[in-house]
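Note sheet for the following structure.
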Amino acid sequence: MNVLSTPFGSLKLRRWPSTTDRSLRAWDAADELLIKHVHESIDLESLATGRLLICNDAHGALSCALHSFAPTSWSDSLLALTALKRNWKSNNLPGEPKRLESTNLPVGPLDVVLIKVPKTLALLDDQLAQIRPLLHPNSVVVATCMLKYLNNSSFALFEKHIGAVQTSLAVKKSRLLFSTVEQSAATSVPAHPSSQASKYPDRYTDQDLDLSLLNYANVFCRDHVDIGSRLFIENMHMLPQSSDVLDLACGNGILGLCVQRSQPQAKVTFVDESYHAIASARENYASMFSGEDVEAKTSFLIGDGLEDIESLSLDLIVCNPPFHIQHALTADTTLAFIKAASRCLRYDGQLWIVANKNLPYQYTLKRYFKKLNIKAQNRRFAVYCASDPKVGSAD
């Protein structure tokens, strides 16, 4: 736990999930710059009586620092919203934080919008499109980002949806973006708009795999099948016949959907911490298996990995794991997945995972499973099969 000093007071903040990388904190210089700007340049008396929306607050630093203004934190990440709740509580802040899932619309009109520019530009495009009808001529829109993650496409999206963009000077390799609401874009909008301008979700078709997949904005590889998933699917005929299957970090559900297609008798569960991912997987399942009793055949869970899955309840886990949390590269998430998988699988269960061969997963797989085989590989990726979980190894 680290201490963030702000003009509004000091906070003890922790990343969630925790990480072994001590260089990673629950905030960065971009958060600090934005908090300082709010204190120095925004009318705090008006802010106290207005409506404040904070977008993509990764670990709650912005929302906790500005808690006295009753912000709503809008995020696609269950983990981000969980981090906010935990950090809010650990700092003994009053009441409960206002947390809003990405699949729900904010309530307008919005007086101040603070945005942490996300890793996925499609998500920024989607968010700005949905925010625009909620703005009035005097709305304040300020974004922040570390310079190494900022590009011209981000500027273009603000200009497309909100209005002209100006920037601050760089401070500690971070910068602010100020987007002025164009008069033509600012309209009198009811609190709950009935329509939105976002072009998401959209859809792509892969003829080789005979797949047509719908994708919300923040889904990994939103417009094509990634190399790892393709390698996995092309070798899916080697999977064992199973009754209870789970697609871990499912994204749009591509692996679980292909398992269900090849094993109609299986009950497939889809788990992801992204609300957009689960919404995509749910709609893709309904489209691919229309007419079937979806609720009896499958489950869709917003969850922190396998945290909510019963021990010894699964025959097969398939996974194309993430290797970053927002902009931070980390193997911690996948290493935690492997440990939890050994708890959730039955004694003859198997974990099939596709990953870049350079990532350090084999040691952990061997630690928690008695057997490890490479079922398929190409120049960059390998499909690993880990079987015979070691009893008690996940304790």
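Values in this text are rule-based calculations from the coordinates and carry no lab data. Just so it is clear, the structure is predicted and the values come from calculations on it, not from any experiment. Cβ: placed from backbone, ideal geometry, glycine included. Neighbour counts: every protein chain shown.
A few comments on the model shown:
- Across segment 40-49, coupling constants 3J(HN,Hα) worked out from phi with the 6.51/-1.76/1.60 Karplus curve, θ = phi - 60°, read 8, 10, 10, 5, 5, 5, 5, 4, 5, 10 Hz, and Gly and Pro carry x.
- Stretching the chain fully between H39 and E101 yields a gain of 19.6 nm (0.36 nm per residue, less the alpha carbon separation).
- Divided by 2.2 N^0.38 Å, where N counts the residues, the Cα radius of gyration of segment 202-389 comes to 0.94.
- The alpha-carbon of K357 sits under 17 angstrom from the alpha-carbons of these aspartates and glutamates, leaving out residues fewer than 8 places away in its chain: D226, D332.
- Straight-line reach from K85: taking Cα to Cα under 30 Å and skipping same-chain neighbours fewer than 8 places apart, the lysines in range are K12, K36, K98, K116, K119, K148, K172, K173, K339.
- Per residue, the chain reaches -8000 deg cm²/dmol at 222 nm when only DSSP H runs of four or more residues are counted, each adding -39500 (n - 2.57).
- For segment 24-148, the residue among L62, Q130, L84 whose Cα projects farthest onto the positive side of the dipole built from Cβ charges is L84.
- Ranked by the mean number of other Cβ atoms within 10 Å of their residues, highest first, the peptides 89-102, 47-60 fall in the order 47-60, 89-102.
- Percentage relative contact order, segment 2-179, counting C-alpha pairs under 8 Å, at least six apart: 20 percent
- For K160, the aspartates and glutamates whose Cα falls under 15 Å of its own Cα, not counting residues fewer than eight places away in the same chain, are D125, D126, E182.
- Note that segment 341-352 has calculated 3J(HN,Hα) couplings of 4, 5, 7, 7, 7, 5, 4, 9, x, 9, 10, 10 Hz, one per residue in order, obtained from phi through the Karplus relation 6.51 cos²θ - 1.76 cosθ + 1.60 (θ = phi - 60°); glycine and proline are x.
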